[in-house]
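The values are calculated or read from the model by the stated rules, or taken from the named source; none is laboratory data. Source: prediction; values computed, not measured. As a convention, Cβ positions derive from the backbone with ideal geometry for all residues, glycine included, and neighbour counts pool all protein chains shown. With ligands, DNA and RNA removed, areas are computed over all heavy atoms of the protein, side chains included. Shrake-Rupley method; radii C 1.70, N 1.55, O 1.52, S 1.80 Å.
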Amino acid sequence: MPREPGCRGCSPPAALVLLLLLPPPSPLTLLRCARALAVTIVAEDAKEKAEQPVLQKFERSGKSSEVKLELKEIVFVIQSQSNYFHSKRAEDLKQNILNQAADLGKELPRVLLIHQMDRHEGAWTILPLIPDFSATYGRNSSWIFFCEEDTRIQILKLLETLGRFDKSKEWFLGKALYDEESTIIHHYAFAENPTVFKFPDFAAGWALSLPLVNKLAKRLKSEPLKSDFTIDLKHEIALYIWHKGNGPHLTTVPEFCTDNMDSFKAGHCATMFNIFLPLCGDPVKEEDVFVAVKTCQKFHGDRIPIVKQTWENEATLIEYYSDYAETSIPTVDLGIPNTDRGHCGKTFAILERFLNSSSSKTPWLVIVDDDTLISISRLRKLLSCYDPSEPVFLGERYGYGLGTGGYSYITGGGGLLCKGLSVGLDGRWFLIQIDHCRQIFPVMFETLGFSMGMVFSRTAVQKLLASKCRCYSTDAPDDMVLGMCFSGLGIPITHSPLFHQARPMDYPKDYLSHQIPISFHKHWNIDPVKVYFTWLAPNTEDSLNGKKHRHPKEDL
């Protein structure tokens with residue numbers, strides 16, 4: 001292949017060695033090496049795809065001669081959570097599936113809830129459960145069908161859809177998502193052409209044939225899961241199954257849909273999705289939510305004015321916590337110096353202040369960064385579905401080392417900074433030491449601390465601070481320390497996909513099309529005021545629910 005000028009004449013494998021062993025290269029050199037590696041991988045992938053169409057067409061010839069599939073051959077797995085609100089919705093979906101089966105006179109299928117299978121912290125990441133699925137269902141079932149608690153399934157249509165595929169083959173089925181541009185969420189994977197890699201939209205449901213499940217189980221037995229981060233599960237599962245070209249790509253299934261039940265497409269779809277903002281009675285009162293904004297003096301002049309122009313007026317109780325007291329904002333100096341990495345010391349100081357200084361009647365605490373864009377009005381609706389007398393820790397869930405007994409955490413700032421910058425191309429990973437990050441990616445380094453909102457019930461804060469779990473250093477990653485603490489206390493993380501670690505443009509259009517988001521994060525290369533009024537302002541909810549909005553890639 002042509003070699004990129006300035007890449008020291010390196011082939012892609014040698015490029016990895018150079019990245020790891022040589023002194024920090026210049027930004028231009030590093031990007032050229034990365035581009036050379038990406039071109040090779042994409043070219044190999046395109047070659048592989050070119051060899052597959054005839055075979056795939058033959059394997060799917062069942063369209064004209066459908067394979068008979070019995071409902072008992074499908075194992076339904078609902079990606080549920082232990083919190084009562086979520087477990088109840090999952091139980092309702094399970095009952096709906098069983099009722100449909102009974103009405104059809106079918107033998108009742110097996111319907112499993114992930115949180116009830118949770119023998120260890122990482123069950124929600126699916127892959128640790130694959131060996132059990134293989135051992136239990138590998139001989140007498142044909143499909144494992146996964147779905148979310150708000151997925152709606154038309155059983156007859158699902159049977160018809162899955163029956164088109166040869167169940168003796170390895171299949172990975174779903175509604176395809178893809179990145180239009182390489183994104184930090186996926187570690188800039190497939191940087192040269194991110195559209196080539198497809199991953200499933202969990203909301204539409206996704207399916208694995210048992211031959212593929214059995215193959216994955218054998219691989220997991222011989223190659224145990226690495227102790228690594230889980231950030232975007234749907235993308236990471238697709239990467240694992242693809243296995244650098246040794247496994248199947250996602251096959252797009254048009255009948256797996258995320259449209260509302262009343263959509264004109266309903267008759268065509270085997271699955272659909274409830275598009276709504278959860279509301280369980282009246283929204284919680286404005287004075288029942290205390291908002292803590294983490295900032296520092298260097299951002300008082302550019303980020304705080306954005307907060308004041310956008311969502312500050314939605315918050316009745318709000319304080320800005322900084323390393324410098326400025327009365328014009330005003331900010332509160334907690335006596336914790338600002339750090340370039342994690343903010344554990346500052347976060348725990350906020351928790352202490354909330355418990356000891358704020359009104360004892362305030363049941364909810366929200367901690368955000370100064371570059372978070374959030375809808376407090378939508379958050380108040382969401383919180384109506386949770387009981388503040390229980391220990392609730394809510395936000396966007398990540399994981400660390402879950403394949404080897406790690407823990408989950410709500411992403412809230414700086415978690416990756418203390419470990420090094422992970423950069424990936426097509427699933428091929430390498431690490432750049434943290435001391436070199438500022439030299440190589442100075443802008444990226446400043447934007448890597450994700451914080452789109454961590455929500456605590458007062459009871460959760462009380463239980464946390466009553467324990468002995470604390471920061472091991474002031475600049476430790478606060479989100480990961482909190483995850484370890486709550487895991488040790490046996491308090492589960494509650495995940496909501498409505499919190500977002502990045503900007504709207506960093507997500508696939510189809511993924512955001514069935515959401516009413518609560519938050520986004522980062523001001524980098526966008527107009528944050530316009531993003532707020534396009535996606536999050538109170539008067540935008542109806543248009544989002546009706547899908548009348550355009551994607552920010554078109555507007556911003």
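Taking segment 99-127 on its own, how many of its residues are open to solvent by less than 30 Å² (accessible area, probe 1.4 Å) and either part of a helix (DSSP H, G or I) or among the aliphatic types (A, V, I, L, M) (or both)?
Taking segment 99-127 and keeping what is open to solvent by less than 30 Å² (accessible area, probe 1.4 Å), we get 101, 109, 111, 113-114, 122-123, 125-127.
Within this subset, residues satisfying the condition of being either part of a helix (DSSP H, G or I) or among the aliphatic types (A, V, I, L, M) (or both) are 101, 111, 113-114, 122-123, 125-127.
Residues in segment 99-127 being open to solvent by less than 30 Å² (accessible area, probe 1.4 Å) and either part of a helix (DSSP H, G or I) or among the aliphatic types (A, V, I, L, M) (or both): 9 in total.
Go over the candidates 201, 150 one by one and state the one that is in contact (Cβ under 8 Å) with a residue 60 or more places away in the chain, closer than 30 Å to residue 489 by Cβ, touching a strand residue (DSSP E or B) at 6+ places or on another chain (Cβ under 8 Å) and open to solvent by less than 50 Å² (accessible area, probe 1.4 Å).
Working: 201 fails: closer than 30 Å to residue 489 by Cβ.
Sole residue among the options that is in contact (Cβ under 8 Å) with a residue 60 or more places away in the chain, closer than 30 Å to residue 489 by Cβ, touching a strand residue (DSSP E or B) at 6+ places or on another chain (Cβ under 8 Å) and open to solvent by less than 50 Å² (accessible area, probe 1.4 Å): 150.
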| request: Assess whether residue 310 counts as being modelled with pLDDT of 95 or more, closer than 30 Å to residue 201 by Cβ and in contact with a strand residue (DSSP E or B) (Cβ under 6 Å, 6 or more places away or on another chain). | output: no
| remark: Scanning segment 210-245 for residues that are surrounded by fewer than 20 Cβ atoms within 10 Å (Cβ to Cβ) and among the hydroxyl-bearing types (Ser, Thr, Tyr), the one farthest from residue 496 (Cα to Cα) turns out to be 222
| task | For residue 449, work out the one condition from (1) out of contact with any Ser or Thr (no Cβ under 9 Å at 6 or more places or on another chain); (2) modelled with pLDDT under 95; (3) more than 28 Å from residue 277 (Cβ to Cβ); (4) part of a loop (DSSP other than H, G, I, E, B) it doesn't fulfil. | result | (3)
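Being at pLDDT 60 or above and polar (S, T, N, Q) is the filter here, so list the residues in segment 532-548 that pass it. Before the answer, list the steps.
Kept after step one, since they are at pLDDT 60 or above, are these residues of segment 532-548: 532-541.
The answer is 534, 539, 540.
Does residue 336 satisfy the criteria of being assigned to a loop (DSSP other than H, G, I, E, B), of a type in the set (A, V, I, L, M, F, W, C) and crowded, with 17+ Cβ neighbours inside 10 Å?
Spelling it out, residue 336 is indeed assigned to a loop (DSSP other than H, G, I, E, B), of a type in the set (A, V, I, L, M, F, W, C) and crowded, with 17+ Cβ neighbours inside 10 Å.
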| field | Qualifying residues in segment 246-276 (those that are polar (S, T, N, Q) and closer than 24 Å to residue 216 by Cβ) - the one least open to solvent (accessible area, probe 1.4 Å) | value | 271
| query | Regarding residue 173, is this residue under 22 Å from residue 123 (Cα atoms), part of a helix (DSSP H, G or I) and not β-branched (Val, Ile, Thr)? | reply | no
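For segment 277-314, which positions are part of a loop (DSSP other than H, G, I, E, B), under 30 Å from residue 349 (Cβ atoms) and open to solvent by less than 30 Å² (accessible area, probe 1.4 Å)? I'd like the intermediate steps shown before the answer.
Kept after step one, since they are part of a loop (DSSP other than H, G, I, E, B), are these residues of segment 277-314: 277-285, 295-296, 300-302, 310-311.
If we keep only those that are under 30 Å from residue 349 (Cβ atoms) too, we end up with 283-285, 295-296, 300-302, 310-311.
Hits for segment 277-314 are 284, 295, 296, 300, 310, 311.
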